[in-house]
Each structure stands twice: as C-alpha cells, then as structure tokens.
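Only one structure is covered here, and it is reproduced in the block below.
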C-alpha cells in the first residue's frame with residue numbers, strides 16, 4: 001500500500017507530549033508455548049469459538065457470547081493495581097484466549113472499558129486495567145499487562161475459562177507503548193494490538209509476536225509518521241504485522257466505541273489468539289483506504 005513518501009521522523013519532547021496528553025485527557029509467570037517462528041498454516045482448528053464471522057457479526061456492538069463482568073479489587077494480584085474482567089459465560093465450547101488492556105497516560109480505566117465487553121462477547125476473557133499510577137511510563141505499563149495476564153491464568157475467578165497458552169495484550173497511547181514493551185519481553189504472546197502507541201523506545205526488531213499497530217491521521221500527541229508507522233517499520237522479525245491508520249481521527253478517538261477499531265482488533269485477535277483462519281477475510285486482501293481508513297498495509301496473514 002502507498003506510504004508517505006516524506007516522513008518527518010520527529011519525536012516530540014517527552015514533556016511537551018505529556019503535557020498535551022494531560023490537557024486532552026478527562027479528569028478523573030506462567031510459562032507458555034513458544035511463539036511460532038513464521039506464518040502458521042492450519043488444518044482442523046480446536047480453538048475456533050463462535051459461529052462463522054460475517055461483516056455484520058464482527059462490526060456488531062455485541063458478539064455471539066453472553067458475558068459477565070467481574071471486579072478485580074486492588075490487592076487481588078501482584079504487579080498491577082486493579083481492573084475489571086469481562087468473560088464469556090458459556091462453558092460448553094472449552095477455554096478461551098485472554099487479553100489484557102491498558103489505558104494511556106493520565107487516563108483511567110474507564111476510557112478503555114469499552115474494549116472489554118466488545119472483545120469478550122466475541123469469545124475472549126478480557127481484563128481492562130487501572131494502572132498503578134496515572135503517570136506510569138510505557139515500560140511500567142508493559143509489566144502491568146504481563147502481571148495481569150499472569151493473574152488471569154493463575155488466580156482470577158475466570159482462570160478455569162482461560163487457555164494460558166493463548167494470551168494477548170492491547171493498550172492505548174502509553175498503554176500502546178506498553179503493549180509493544182510487553183510483546184518485546186514475552187515472545188510467547190500470541191498477539192499484540194498497540195493503539196496510537198507512544199514510547200521513546202524504537203527498538204522493536206526482536207519482537208516475535210504478531211502485531212497490528214493502529215494510528216490516527218490527525219494525532220498530534222503520538223504522530224503516526226514519527227511513532228506508529230516507525231514502530232511498524234521496526235518490527236522486522238515478527239511473523240505477521242499490520243498497520244492501520246484511521247482517517248479523520250485523533251489521539252483520543254481510541255477512547256470511545258468505534259466500529260473500525262473494534263472490527264480489526266477482533267479480526268487480529270481471532271486470527272492469532274484463536275488461530276481462526278475464518279477471520280482472514282477481513283485482513284486479506286488488505287483493506288483499501290476509504291471513509292474510515294487513511295491507509296493500511298501489512299503482511300497479509302496466510303492460513
């Protein structure tokens with residue numbers, strides 16, 4: 001796909017970015033199997049959950065699974081503050097993959113809560129986090145995402161519904177940077193979806209986790225040319241990757257329900273956490289630019 005021919009590889013001074021983010025934000029080790037070393041081809045897939053997807057089902061506000069909400073008070077586990085679990089109530093289809101989600105700088109859990117029911121109702125156990133501090137930097141948020149996954153699989157009330165070998169991370173802004181940090185640290189993760197990621201670290205050459213990065217064309221806090229796209233370019237050893245840039249969208253677009261964000265996050269998680277090639281139709285051929293997408297490029301997963 002077409003890329004910007006001229007890219008301003010600028011990184012805003014951290015103080016300026018943090019101040020801008022604060023101004024815009026509302027007040028308010030279980031081992032797992034090694035990640036595949038290349039594209040995976042599937043025969044019979046025991047991890048498919050739910051009916052065959054359609055455009056209507058993947059863009060719906062609620063997926064096919066009934067879910068419950070479970071509060072996770074502070075002190076429930078180590079390495080993270082507190083959060084909320086959203087989990088399918090159906091026990092008949094076996095265990096589910098699990099996803100931990102982090103908010104951004106000076107942003108409470110409430111701003112990313114919408115990802116919980118949206119993803120869980122498609123067949124995942126999802127935990128949205130309240131970070132240890134509103135001011136935690138990306139590396140700390142990455143540690144908290146991994147700690148939340150460890151809690152989910154070992155101690156949480158939903159642990160019996162989770163397949164500990166199928167875990168993923170997701171986050172917005174510095175939580176998106178934390179998503180990359182977590183993927184860089186734990187290669188056994190099955191998927192990562194950083195949303196408008198912000199990080200001063202650009203060394204993602206060793207990430208082995210299938211990663212979809214989303215950016216926004218009007219983002220002035222984490223400009224996609226100098227952040228999201230650059231991070232994408234530096235994912236040189238991942239088995240699969242994609243970059244989606246929202247059109248007419250800004251940094252805070254990711255904090256409200258959005259059909260395009262949800263559709264492609266669900267497709268990516270289903271394709272790599274559940275190994276579900278039925279969702280490949282939404283990723284291949286690569287989506288064309290249009291009313292909601294400024295640009296898209298990727299390796300186009302192979303099944």
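If we count other beta carbons within 10 Å of each Cβ, what is the order of 252, 170, fewest first?
Values: 252 20, 170 29.
Starting with the residue having the fewest Cβ neighbours, the order is 252, 170.
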Arranged by the count of other C-beta atoms within 10 angstrom, fewest first, what order do 127, 227 take?
-> 127, 227
For the stretch 140-262, state what percent of all Cα-Cα pairs lands in each successive 5 Å bin, counting from 0 Å until the bin that includes the largest distance.
-> 2, 12, 23, 23, 18, 13, 6, 3, 0
What per residue convex hull volume, in Å³, do the alpha-carbon atoms of the stretch 51-298 yield?
-> 103
Value of Rg to Rh for the stretch 199-303 (Rh from inverse mean 1/r over Cα pairs, i.e. Kirkwood) | 0.95
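Computed from the coordinates by the stated procedures, all read-outs in this text should not be read as laboratory data. Keep in mind that this is a model prediction, so the values were computed, not measured. Because the Cβ atoms are built from the backbone with ideal geometry, glycine has one as well, and the counts that use them run over all protein chains shown.
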